[in-house]
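Take a look at the structure set out below.
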Amino acid sequence: MNPFKGRHFQRDIILWAVRWYCKYGISYRELQEMLAERGVNVDHSTIYRWVQRYAPEMEKRLRWYWRNPSDLCPWHMDETYVKVNGRWAYLYRAVDSRGRTVDFYLSSRRNSKAAYRFLGKILNKGSDAQWNENSR
């Protein structure tokens, strides 16, 4: 279902107005003036309704792009070949700047699937990553 169906203004104009309001924190009347300078005559109360309707959906869709766990706690990935119970395995570790283990993944194979699985695991944790204080 198209959320812009039945609107009097084009989708791009609505999205620009909502984005400008959310990003720059300007008033609805200032935004009305800015759009009027660009040839779009819209009332400030209409912009208010657009923000109420579309801003939560925009935030929900963009949240995935905004998250960057490396900004909150810088880490790098380490890959090691270790012997576990007499069998060789690959140990993938996420290590922070102090050398503490953020998370780990043990795999019997060294391939892109294992690496992607570990990266997906650590990126899905985001800022909720549990620090292992005992590993130094």
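Quick note: the coordinates plus some simple rules give every number you see, no bench work behind them. Values in this document were obtained by computation on a predicted structure and should not be read as measured data. Here the Cβ is made from the backbone with ideal geometry for all residues, glycine too, and neighbour counts use every protein chain on show.
Run the reach check for K5 against lysines, Cα to Cα strictly under 30 Å, same-chain hits fewer than 8 apart removed. What comes back?
Those lysines meeting the cut-off are K23, K60.
For the pair Q52/K113, report the inter-label distance in nm, with labels modelled 7 Å from Cα in the Cβ direction.
5.1
Where in the range 2-19 does the label zone of R63 land, with the point 7 angstrom along Cα→C-beta and an amide N cut-off under 19 Å?
Those under the cut-off are 19.
Give the average over all directions of the projected area of the C-alpha convex hull of the range 1-57, one decimal, in nm².
Values: hull surface 15.0 nm².
Result: a mean projected hull area of 3.8 nm².
Can you pull the one-decimal nm distance between simple spin-label points at V84 and L106, each 7 Å off the Cα toward Cβ?
0.3
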